[in-house]
Amino acid sequence: MAVICVDAGTTMIKAVGYDEEGTEVVVVRQGTSVTRPHPGWAEQDMLSVWDAVVFTVRGVVRQLQSEVDYLAITAQGDGTWLVDAGGAPTGPAILWNDGRGVDILSAWTDAGILEQAFPINGSLTSSGMPNVILSWLRQKDPDRLDRSHASLTCGGWVFAQMTGEFAVDESDAAAPFMDIRTRQYSQELLGLYDMEWAQSLLPPIRDDGHRVAELTRHAGILLGLPAGLPVVMSSYDIASTAIGVGAVSSGQACSILGTTLCTEIITDQVRISDPAAGLNIAPGLPGKILRSFPTLAGGEVIQWACELLGIEDPEALTHLASTCGPGAGGLMFLPYFSPAGERAPFLDPLARGTFLGMSFEHRREHIARAVLEGLTLVIRDCLTASGDTPTELRVCGGGAASVLWLQLIADVTGIPVLRSADTEVGAKGAFLIGLVATGGAGSVEEVAPWYVRIRDTFTPDPSRAAFYSGLYEDFLALRQMTKQAWPRLAGMRQRSAATGGPETFPAATSVPAADGHGTSRQTIHRTAGSTT
């Protein structure tokens, strides 16, 4: 037995080959590009994503020694991947972290539409969801909508390329048009958004019993696999990742330390919080709900800090942070860096990042420490917003490579942190869902303990946990104070953008400068109007 699972992430496509024990035998990765043609936009070339899938799958096929039993797909969620009736893209994919529709989102917020929608859908709309993007296209690019037949997600796009069928998994369909209790598109939601016109673009929803289709002959030739091979549409990446790290029973929590910080908990029922926050997703576990809080900024903040401080990589940043004590010398960092604002555990498209309390006393290590602490306090914030109290937090993603950060997460959250032994946890979740979908197992809960392996555990230090409980309260209070400035900062950005490009200055003129003895010793460069 051998299985190939594809995880089509935002910046990296991965294909993983598994043996009969569920062990990663081959992993092939291919980077992809996100383009930002205008401020706040985030797009991808759909054909380039498919080419990367072909490249990675073929790379795995060449190295596997066994016949492949099935191919499973998981991918980034949300966004809009529009295709025509023949399955060809009608333009670039507009991604989950796109912010072009913030004015539409703000109008819906002010009108109370999002508040009305949340009890039905269970997920709080953000600017990168299909309802916002499609509404923006109707206003700004109606011709593209006229040329489009279906609004897919990334996973749906890859599935269509492999099988020729348009579909969406329940997890991907969960937001923003699905009634989370009936698992069907809601006419009431379409009416709330004044989007009845969009219903023809929505693909059929596939539930847990209808995940499988056959690989077409054309796709098989491209991938190096036989036509008719079962292709499994797994839940989208944040749900597949929770399963792949072993969070499959109620009360188990997971945090993905990747491009987004996504903290999530498995529950037995839909939980509608007050105020509205996060997502309720059908994760691919019958009878279960995934309460999820995917932030708009995570690993990218760490990369930004590396560039700011002139540090080689995130490992060096965490080492620098370890030379500073808890609390970063009184420096607080709010990590809301996405141009689209923030969506979890609260929604505010105007949210922006801030350093608070900075003085001449602070050095590079304080900044590094504050950045890691700010991101980790967001993880605690999401756990608190879930309304559950998990007994453990399973982690994965690129950030899980840092022992220092994982210990900090344990100290800040106050619960043990478990690290997966797998390198590609989203693909492992797709493996488990595919095993059940193709008849190889009765349920994911039954087989997860056999296939999910934990590498190590980080236990919170009681004294540091107590300190960080106080710092969390400071974090919430300071964010509430800073929030009042976000609308004014938005106005400043608009005025700055209206001024055009960078300011230019007249050419400098050289003026001889005399020393105390009347001899010319240096040249001072002055510009017109300068007083220095």
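The values are calculated or read from the model by the stated rules, or taken from the named source; none is laboratory data. These figures come from a predicted structure and were not determined experimentally. With ideal geometry, Cβ positions are generated from the backbone for all residues, glycine too; neighbour counts draw on all protein chains shown.
Evaluate the following for Gly191: is it out of contact with any helix residue (DSSP H, G or I) (no Cβ under 6 Å at 6 or more places or on another chain), over 30 Å from Pro142 (Cα atoms), at pLDDT 95 or above and not in a loop (DSSP other than H, G, I, E, B)?
No; evaluated as a whole, the condition is false for this residue.
Quick check on Thr125: is it assigned by TED's automatic domain parsing to the domain that holds Asp172, under 20 Å from the mean Cα position of the chain (by Cα) and at pLDDT 95 or above?
On the way: assigned by TED's automatic domain parsing to the domain that holds Asp172: yes; under 20 Å from the mean Cα position of the chain (by Cα): yes; at pLDDT 95 or above: no.
No; evaluated as a whole, the condition is false for this residue.
Select from the range 45-69 the residues that are closer than 25 Å to Glu170 by Cβ and surrounded by 22 or more Cβ atoms within 10 Å (Cβ to Cβ) and list them in ascending order. First the steps, then the outcome.
In the first step, residues of the range 45-69 are kept if they are closer than 25 Å to Glu170 by Cβ; the result is 46, 49-50, 53, 57, 69.
Answer for the range 45-69, where residues must be closer than 25 Å to Glu170 by Cβ and surrounded by 22 or more Cβ atoms within 10 Å (Cβ to Cβ): Met46, Val49, Val53, Val57.
Kindly provide the set of residues from the range 377-431 that are β-branched (Val, Ile, Thr), under 30 Å from Ala15 (Cβ atoms) and under 18 Å from the mean Cα position of the chain (by Cα), ordered by number.
From the range 377-431, those β-branched (Val, Ile, Thr) are 378-379, 384, 389, 391, 395, 403, 409, 412-413, 415, 417, 423, 425; that's our starting set.
Keeping just the survivors that are under 30 Å from Ala15 (Cβ atoms) gives 379, 395, 403, 409, 417, 423, 425.
Selection gives Ile379, Val395, Thr423, Val425.
So, Val158, is that one in contact with a strand residue (DSSP E or B) (Cβ under 6 Å, 6 or more places away or on another chain), assigned to a strand (DSSP E or B) and either in the same structural domain as Ile94 (by TED's automatic domain parsing) or buried (at least 19 other Cβ atoms within 10 Å of the Cβ) (or both) or not? Walk me through how you get there before you give the answer.
Working: in contact with a strand residue (DSSP E or B) (Cβ under 6 Å, 6 or more places away or on another chain): yes; assigned to a strand (DSSP E or B): no; either in the same structural domain as Ile94 (by TED's automatic domain parsing) or buried (at least 19 other Cβ atoms within 10 Å of the Cβ) (or both): yes.
No: the conditions fail for Val158.
Would you say Arg495 is modelled with pLDDT of 60 or more, within 30 Å of Asp110 (Cβ to Cβ) and not in a strand (DSSP E or B)?
Values: modelled with pLDDT of 60 or more: yes; within 30 Å of Asp110 (Cβ to Cβ): yes; not in a strand (DSSP E or B): yes.
The answer is yes for Arg495.
Kindly check whether there is at least one residue in the range 230-239 that is buried (at least 24 other Cβ atoms within 10 Å of the Cβ), out of contact with any Cys (no Cβ under 7 Å at 6 or more places or on another chain) and part of a helix (DSSP H, G or I).
Yes: one or more hits.
Listed residues Pro204, Pro142, Pro176; which is without any contact (Cβ under 8 Å) to a residue 60 or more places away in the chain, buried (at least 19 other Cβ atoms within 10 Å of the Cβ) and not hydrophobic (A, V, I, L, M, F, W, C)? Spell out the reasoning first.
Values: Pro204 fails: buried (at least 19 other Cβ atoms within 10 Å of the Cβ); Pro142 fails: buried (at least 19 other Cβ atoms within 10 Å of the Cβ).
Going through Pro204, Pro142, Pro176 in turn, just one is without any contact (Cβ under 8 Å) to a residue 60 or more places away in the chain, buried (at least 19 other Cβ atoms within 10 Å of the Cβ) and not hydrophobic (A, V, I, L, M, F, W, C): Pro176.
The rows are residues; the columns are (1) at pLDDT 95 or above; (2) in the same structural domain as Thr354 (by TED's automatic domain parsing); (3) over 30 Å from Glu21 (Cα atoms); (4) over 25 Å from the mean Cα position of the chain (by Cα).
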{"site": "Pro449", "(1), (2), (3), (4)": "no, yes, no, yes"}
{"site": "Arg453", "(1), (2), (3), (4)": "no, yes, no, no"}
{"site": "Phe458", "(1), (2), (3), (4)": "yes, yes, no, no"}
{"site": "Asp461", "(1), (2), (3), (4)": "yes, yes, yes, yes"}
{"site": "Phe467", "(1), (2), (3), (4)": "yes, yes, yes, yes"}
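Counting only residues that are polar (S, T, N, Q) and surrounded by fewer than 24 Cβ atoms within 10 Å (Cβ to Cβ), which one in the range 380-425 is nearest to Leu124 (Cα to Cα)? Explain how you work it out, then say what you get.
Let us first name the residues in the range 380-425 that are polar (S, T, N, Q), namely 384, 386, 389, 391, 402, 407, 413, 420, 423.
Pick out the ones that are also surrounded by fewer than 24 Cβ atoms within 10 Å (Cβ to Cβ) and you get 384, 386, 389, 391, 402, 407, 420, 423.
Numbers: Thr384: 17, Ser386: 13, Thr389: 22, Thr391: 26, Ser402: 31, Gln407: 31, Ser420: 29, Thr423: 30 Å.
It comes out as Ser386.
Does the range 366-377 include one or more residues that are charged (D, E, K, R), at pLDDT 95 or above and under 19 Å from Thr323 (Cβ atoms)?
So in the range 366-377, the residues charged (D, E, K, R) come out as 369, 373.
Subset that is at pLDDT 95 or above: 369, 373.
Now narrow it down to the ones that are under 19 Å from Thr323 (Cβ atoms): 369, 373.
Yes, some residue in the range 366-377 is charged (D, E, K, R), at pLDDT 95 or above and under 19 Å from Thr323 (Cβ atoms).
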